[in-house]
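One structure is given here, and the rest of the page talks about it.
No lab work stands behind these numbers, since they all come straight from the coordinates. The structure displayed is predicted, hence computed values, not measured ones. Because the Cβ atoms are built from the backbone with ideal geometry, glycine has one as well, and the counts that use them run over all protein chains shown.
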Amino acid sequence: MLLVMGAIFLLSHQPGDAFDLPSFPGLDKLAHMIIYGTLAAATIFAFAPETRQQKRWPVVAMVILIATIYGVSDEFHQSFIPGRSPDIIDVLADCAGAVAVALFWKFR
């Protein structure tokens, strides 16, 4: 979980012109969903196996909360990076990725 958080931090610490992404509508939001889905998966497995088995809904809630709070803090962090700016839609995409992975894990 901490490694994924560190990778997110390093990616978001890059100046806005550091990425040469193709011009595809919504690609950045899809990237947010995938990255924060990965964070959600890592967070799920940060819990002890007994906790994951016995307290599935609390784990789902904590995973979503952790990913969302980290997404908010990441957007705040980006406000200090040249060429980057915070975006509430990015936070919603982060949360959506975490929700999708957490619910998939819960109902698998």
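General remarks:
- Of all residues in region 79-88, none satisfies being in contact with a helix residue (DSSP H, G or I) (Cβ under 6 Å, 6 or more places away or on another chain) and in a helix (DSSP H, G or I).
- Residue list for region 30-62, restricted to those being closer than 15 Å to D90 by Cα and surrounded by fewer than 17 Cβ atoms within 10 Å (Cβ to Cβ): L30, A31, I34
- For region 1-44, a residue qualifies if it is out of contact with any helix residue (DSSP H, G or I) (no Cβ under 8 Å at 6 or more places or on another chain) and among the aromatic types (F, W, Y), and the qualifying residues are F19, F24.
- Subset of region 1-17 (residues that are exposed (fewer than 13 other Cβ atoms within 10 Å of the Cβ), in a helix (DSSP H, G or I) and in contact (Cβ under 8 Å) with a residue 12 or more places away in the chain): L3, G16, D17
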